[in-house]
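Worksheet for the structure shown next.
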Amino acid sequence: MSWDDLVCIWCELDVPEGWRPETAIDGIRLSPPPAGRHNLIAADVHRNLSDGCPEGAGVFQTQGVAVAAVGGIYAPDLCVIPRDRVPRGPGPVPAADVLLAVEITSAGNAEHDRTRKRWAYAHGGIAQYVLIDPHDPDGASVTVYTDPAEGAYRQSCRVAFGRDVRLAAPFDAVLETAAF
């Protein structure tokens, strides 16, 4: 199947309201609408990011992100994209246009967010990946991954819930995690 075919399939998927489709080499995943705690964390992160976003960029929820390098289309919980790069139609935004992606794990997708999505976002050249992980076996945490190269993030900063973490440039934002 070609990349163009995959994008067409993703655009034409008829999923229930609030569900998010993701396509990858290993198939199609559907994520149900998030609930309670997830939504509260997303609202707090959205506020923090909006306050420190680079000029001309916006914070978007569930925007499809195309990572052609790995043959996948993912739907981060939040991402920051220059507004002039947001697709006007149903297609996904190229990963190269995404300044930051945020995933908030749930019990059912935590390992996927920790490994597969980190790998894909690094391959796509997304400069910062923020993993908010209430299900981290070592304790609830936030990890900011930066400096992607050769399919991996070369830098990371992990903090426990309750501690603030500063995002790298071009963001002027601190994620306040006390309410998580």
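The values are calculated or read from the model by the stated rules, or taken from the named source; none is laboratory data. Please read all numbers here as calculations on a predicted model, not as lab measurements. Here the Cβ is made from the backbone with ideal geometry for all residues, glycine too, and neighbour counts use every protein chain on show. Please note that ligands, DNA and RNA were not included when accessible areas were found on the heavy atoms of the full protein model with its side chains. Shrake-Rupley method; radii C 1.70, N 1.55, O 1.52, S 1.80 Å.
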- Probe 1.4 Å, accessible area per residue of the chain, Å²: 49 Å²
- Task: Find which of 46, 34, 71 sits farthest along the positive direction of the dipole of the chain, computed with +1 on the beta-carbon of Lys and Arg, -1 on that of Asp and Glu, about the Cα centre.
- Result: 46
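Whats the longest run of the chain with zero trypsin sites (Lys or Arg not before Pro) that are DSSP loop and have at most 14 other Cβ atoms within 10 Å?
On the way: sites that count: 88, 163.
Formally, the longest exposed-site-free interval is 1-87.
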- Query: Where the centre of each part is set by its Cα atoms, how far does region 107-180 sit from region 32-65, in angstrom?
  - Reply: 14 Å
- Message: So, R0 is 35 Å and r is the distance between the beta-carbons of residue 83 and residue 160; what FRET efficiency does that work out to, to 0.05?
- Response: 0.55
- Contact order relative to length of region 1-149, as percent, for alpha carbon pairs under 8 angstrom and 6 or more apart: 17 percent
- For region 98-180, report the translational diffusion coefficient in µm²/s to the nearest whole number, using Stokes-Einstein at 25 °C, 0.890 mPa s, and a Kirkwood Rh over Cα pairs. 192 µm²/s
- Query: Tell me, in nm to one decimal, what length is gained between residue 39 and residue 13 on full extension, where the rule is 0.36 nm per residue of separation less the Cα-Cα distance?
  - Reply: 6.9 nm
- Query: Assigning unit charges at the beta carbon (Lys, Arg +1; Asp, Glu -1) and nothing else, what dipole magnitude in debye, to the nearest 20, does the chain show about its Cα centre?
  - Reply: 220 debye
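How much FRET efficiency would the formula 1/(1 + (r/R0)^6) give for residue 172 and residue 26, where r is the Cβ-Cβ distance and R0 is 30 Å, rounded to 0.05? Before the final figure, lay out the partial values.
On the way: r = 38 Å, r/R0 = 1.26.
Approximately 0.20, to the nearest 0.05.
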- Message: Which three extents, in angstrom, do the Cα atoms of region 79-124 have along their principal axes, listed largest first?
- Response: 34, 19, 15
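Taking N as the number of residues in region 41-165, what value does Rg over Cα atoms divided by 2.2 N^0.38 Å take? Write out the running numbers ahead of the final one.
On the way: Rg = 13.7 Å, N = 125, 2.2 N^0.38 = 13.8 Å.
My calculation over the Cα atoms of region 41-165 gives 0.99.
Extension gain residue 147-residue 115, at 0.36 nm per residue separation less the Cα-Cα distance, in nm? Walk me through the numbers on the way to the answer.
Working: separation 32, 0.36 × 32 = 11.52 nm, distance 1.64 nm.
Between residue 147 and residue 115, full extension yields an extra 9.9 nm.
In debye, nearest 20: dipole of region 110-170 around its Cα centre with unit charges on the Cβ of K, R (+) and D, E (-)? Walk me through the intermediate numbers first.
Details: 8 positive and 8 negative charges, 22 e Å.
The calculated dipole for region 110-170 is roughly 100 debye.
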- Which is farthest toward the positive dipole end of the chain among 130, 21, 159, measuring Cα position about the Cα centre, with Cβ charges +1 (Lys, Arg) and -1 (Asp, Glu)? 159
